[in-house]
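The structure appears right after this line, and notes come after that.
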Amino acid sequence: MTLLRSNFVLLLAWLWRTHRSIVPFAALLTFVSCAHTAPRAASPESSSATTNTATTNTATTNTATTSERDTASENSALRATGSNHPQTSPAAATSAEPTVGWIGISMKQSDAGVIVAGVFRNGPAAHAGLMSGDRLLRINGETVTSPAEVGALVQTLTPGTRVTFDVRRNDATRLLYGTIEAKPDHEALMRRELVGQVAPPISELRTVRGAVVPAWNQLKGHVVLLEFWASWCVACRALAPTLNDWHEEFSPLGVHILGISTDPFEEATLASKDLAFPTYSDEDGQVTMRYHGTALPTLVLVDKQGVVVDVMIGLNFEQLPKLKERVASLATATP
């Protein structure tokens with residue numbers, strides 16, 4: 001069934017690309033998003049173990065969905081719940097898990113125990129005072145020795161529950177107090193982390209096609225749209241003609257569309273041959289991790305001052321026109 005669905009979506013994408021007058025494509029494929037493979041090299045914020053399972057593509061209407069690969073390294077770094085179980089789609093996180101607890105940290109395993117690798121902005125852990133580098137000893141008095149244990153414990157706590165964290169910092173033990181929050185869906189988490197903030201660095205990217213230097217000091221004064229994509233992503237292929245059109249329309253106004261893939265350089269080179277805009281390989285996944293680009297396609301819009309102003313997850317035909325208007329508005333705005 002999955003194969004038939006994928007082939008059907010590919011056929012629709014081809015029809016849309018070659019016959020733009022076929023309106024039912026947009027109606028049938030209102031929202032599409034793909035699974036994301038974890039970067040081949042574990043990030044510094046990930047646990048040591050990785051578990052690979054098959055990826056799936058999903059298509060639905062009325063909500064942008066994602067089905068993501070169950071990879072412990074990516075889960076501990078990006079899920080921000082402190083767990084190593086499979087990530088779920090934004091829709092599933094909203095409808096199926098409305099009361100799942102969340103503390104807002106990423107973790108890594110060390111010989112000493114659980115190390116806080118990152119603290120999500122304005123999350124429960126941030127409000128409690130946790131910091132990157134803290135060693136997490138106990139939650140509500142219960143000893144935790146792995147990211148998986150933290151995740152399992154946190155998800156038993158309902159939003160609004162008071163929680164204590166025993167942490168080791170600078171050779172001293174501290175007791176911190178916080179409140180469990182409901183786990184946000186993926187797009188909400190991205191907005192929480194990125195929108196209104198200076199865009200994270202992208203200088204590690206390796207250029208596949210194009211002459212645009214992937215560095216924000218070189219891109220200042222330009223509107224930039226980042227697309228996180230992959231060669232196997234059906235929705236990314238369906239989105240490509242739209243982004244090619246935007247590139248043709250907005251590049252004279254100084255807008256740069258940059259495609260970022262965790263595919264190896266050679267694979268990204270072959271897969272990007274039909275893309276009109278510059279593309280880059282992020283094989284070790286560092287840039288993708290910073291942008292939480294785990295659901296594909298993901299679009300991140302950055303203004304001329306280098307500040308993230310909008311994000312979009314999945315192929316969303318309702319949201320695309322609004323995003324295009326935002327790009328045009330930013331491109332024509334006077335400094």
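Structural remarks
- Given 183/220; 108/273; 183/324, the pairs whose alpha carbons are separated by over 32 Å: 183/220; 108/273
- Assuming charge only on the beta carbon of Lys and Arg (+1) and of Asp and Glu (-1), the dipole of region 191-231 about its Cα centre is about 40 debye to the nearest 20.
- Pairwise FRET efficiency - residue 218 versus residue 265, Cβ, R0 = 30 Å, nearest 0.05: 0.90
- Per-residue ³J(HN,Hα) for region 219-227, Karplus 6.51 cos²θ - 1.76 cosθ + 1.60, θ = phi - 60°, Hz, x for Gly and Pro: 9, 4, x, 10, 7, 10, 10, 8, 10
- Label-point gap, in nm, between residue 138 and residue 319 - each point 7 angstrom along Cα→Cβ: 4.2
- Carbon plus sulfur fraction of accessible area for region 146-232, probe 1.4 Å, in percent: 50
- Long-range amide H partners of residue 316 with built H, under 5 Å: 32
- Sparse packing (at most 10 other Cβ atoms within 10 Å of the Cβ) combined with a DSSP loop state is found for the following trypsin sites (Lys or Arg not before Pro) in region 233-298: 273.
- Radius 14 Å from Cβ of residue 222, net charge of other residues (Lys, Arg +1; Asp, Glu -1): +1
- Region 238-335: equivalent-ellipsoid semi-axes (sqrt of 5 x gyration tensor eigenvalues, Cα, Å): 22, 15, 14
- A 1.4 Å probe over all protein chains sorts 288, 164 by accessible area into 164, 288, starting with the largest.
- Taking the Cα atoms of region 151-229, the ratio Rg/Rh between the radius of gyration and the Kirkwood radius comes to 1.15.
- Close amide H partners of residue 183, meaning residues 5 or more places away or on another chain with modelled amide H under 5 Å apart, are 100, 102.
- Other residues with beta-carbon under 14 Å from the beta-carbon of residue 277 carry, at +1 per Lys or Arg and -1 per Asp or Glu, a net charge of -3.
- Charged side chains reduced to their Cβ positions (Lys and Arg at +1, Asp and Glu at -1) give region 102-261 a dipole of some 340 debye around its Cα centre.
- A simple count of charges around residue 167, restricted to other residues whose Cβ falls under 9 Å of its Cβ and scoring Lys, Arg +1 and Asp, Glu -1, yields +3.
- As a calculated quantity, the FRET efficiency between residue 179 and residue 111 at R0 = 30 Å, using C-beta atoms, amounts to about 0.45.
The values are calculated or read from the model by the stated rules, or taken from the named source; none is laboratory data. Please read these numbers as outputs of a predicted model, since none were measured by experiment. Cβ: placed from backbone, ideal geometry, glycine included. Neighbour counts: every protein chain shown. Heads up: the accessible areas ignore ligands, DNA and RNA and are worked out on the full protein's heavy atoms, side chains in. Shrake-Rupley method; radii C 1.70, N 1.55, O 1.52, S 1.80 Å.
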